[in-house]
Amino acid sequence: MKSFLKIEKHSDFPMENIPFGVFLNQDEPHICTAIGEFVVDLNILESFGYFKDCSFADEKPFSEAVLNKFMSLGKEARVEARKKIQELFLENSPISGGKGFLDKILFPLEKATMLLPVAIGDYTDFYSSREHATNVGIMFRGKENALMPNWLHLPVAYHGRASSIVVSGTDLIRPSGQIKNDDKPAPEFSKTNQLDFELEMGFFIGTGNELGKPVKSENAFEHIFGMVLVNDWSARDIQKWEYVPLGPFLSKNFATTISPWIITLEALEPFKVEGPKQEPEPMDYLKTQGNPTYDINLEVYIKSGKMSEPYLISKSNFKYLYWNMAQQLAHHTITGCNTRPGDMMASGTISGPEKENRGSMLELTWRGTEPIKLPDGSERKFFNDGDEVIIKGYCEKDGLRIGFGESKGLILPDGQ
Ligand code: CA
């Protein structure tokens, strides 16, 4: 698909992508998309009547400050909006000659201030990577009991904290809390010394489900709007002391960073793939057909204050996940739990079969016993202040590349 806008070969945002986000235009949040190196202001396009033929025109979803309303309109509106935007920016489109008008709607992507694109009501974090659950299980319980007895029967999750989900580029303040060291008789209050990342992806609910009406696994993708990159920051020392018996609490509620662009399921369609073989066979409400997951390459980089270039520390892929998004949503709602437009569900740390696929410092350094050497000569067991952690994601097939952009966060010292 060719546009009159210049799009570099390895751009994350070709015409086939059309992600949705929110950026700051003269101090106002405006809904936008990205094409090549440009942010396209959909708020202004809508105010000039460019969506007036669409079935959702009366709703004016792009005049909102967040995407929730547009998400709630469902797949049909999303497909229609994408098609309209693609038509507008095709080669020889009538708007291609209107320099004055293009100056009003196009902004350099590089300089754009991106905002959290969604008012996130509820956030759930799954634990769906078999390799991650196994690695952590071996470290904490030994090889024999690595996977808990429930793990292969249901997608394990916990209810997370939506208020501290932040957009890429937001600094992270090192948290403090209760920490109990093995060689001390009692817990102490201290800043965390084991600040970690978790390489994850998240999906947003588009159309929700009513209380009491579970989403069936075969319809689950109809309820999903799109996906983002997620860094579920974790304080391992705080986690170790607090997590029994109800799971993580303060060790994960201080920040979760997401990438600013939501990539729609339509853009990801060409990258659908089979998931891992599931044995034992899932219960009926968890069965899915066809290719229920996506081939999405994931990379994690670290950049210390002394490094000029980010350094790759992990490479993984969304397709390694044992439980797919349809199964996660079907399981989440099987009790009748309702979901609402803009709710976010994260995958859990995405590790893979190889050592280089490990999606956390906990696993990469095997609890700090095998530190990572950085190009600036220093070593890391966990992160230092001044480290920047960057997650990137992209799909690639037959010359088509659909990118997610990045999720990054700089670690600052605690304010105590
Ligand atoms: Ca997590």
Hz values of 3J(HN,Hα) by residue in the stretch 245-257 - Karplus curve (6.51, -1.76, 1.60), Gly and Pro given as x: x, 9, x, x, 9, 6, 5, 9, 9, 8, 4, 9, 9
Other residues with Cβ under 14 Å from the Cβ of THR207 give, with Lys and Arg +1 and Asp and Glu -1, a net charge of +1
Given springs between every Cα pair under 10 Å in a Gaussian network model of the chain, which of LYS69, LYS287, LYS397 has the largest fluctuation? LYS397
Compute the orientation-averaged projected area for the stretch 10-153 from the convex hull of its Cα atoms and round it to one decimal in nm². 12.7
Which of these, ARG78, ARG380, ARG174, has the largest mean-square fluctuation under a Gaussian network model of the chain (Cα springs below 10 Å)? ARG380
Give me the three principal axis extents of the chain from the C-alpha atoms, as integers in angstrom, largest value leading. 72, 53, 39
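Give me the mean projected area, in nm² to one decimal, of the convex hull enclosing the Cα positions of the stretch 253-300.
Orientation-averaged projected area of the Cα hull: 6.0 nm².
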What residues have an amide H closer than 5 Å to that of ILE165, excluding those fewer than 5 places away on the same chain, when H is modeled at 1.01 Å from N in the peptide plane? THR256
What are the ³J(HN,Hα) couplings of the stretch 365-370, residue after residue, when phi is run through the Karplus curve with 6.51, -1.76, 1.60 and θ = phi - 60°? Round to Hz, x for glycine and proline. 9, 6, 6, x, 7, 10
Once both labels are modelled 7 Å past Cα along the beta-carbon direction, what's the LYS143-PHE101 spacing in nm? 6.8
Give the Debye-formula value of log10 I(q)/I(0) at each listed q (0.18, 0.23, 0.25 Å⁻¹), with one equal scatterer per alpha carbon of the stretch 109-192, two decimals each. -1.07, -1.09, -1.11
Please list the non-local residues whose amide H lies under 5 Å from the amide H of CYS32, H modeled 1.01 Å from N, same-chain partners needing a gap of 5 or more. GLY21, VAL22, PHE23, LEU42
What percent do you get for the relative contact order of the chain when only Cα pairs under 8 Å and 6+ apart count? 21
Would you kindly derive the ³J(HN,Hα) couplings of the stretch 63-71 from the backbone phi angles with the Karplus curve 6.51 cos²θ - 1.76 cosθ + 1.60 (θ = phi - 60°), listing them in order in whole Hz, with x for Gly and Pro? 8, 7, 8, 9, 8, 3, 5, 4, 4
What three numbers, in Å, describe the spread of the alpha carbons of the stretch 291-338 along their principal axes, ordered from the longest? 51, 24, 12
Please identify, among GLY275, GLY202, GLY359, the residue showing maximal mean-square fluctuation in a Gaussian network model of the chain using a 10 angstrom Cα cutoff. GLY275
Per the stretch 344-385, sqrt(5λ) over the Cα gyration tensor eigenvalues, sorted largest first, in Å, gives 22, 13, 9
Whole percent per 10 Å bin, from 0 to the bin with the longest distance: what is P(r) over all C-alpha pairs of the stretch 217-355? 9, 32, 37, 18, 3, 0
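Here, each number is a calculation from the coordinates, and none is a lab measurement. Bear in mind the structure is a predicted one, so any value in this text is a computation, not a measurement. Quick reminder, even Gly has a Cβ in these numbers, built from the backbone with ideal geometry, and neighbours come from all protein chains shown.
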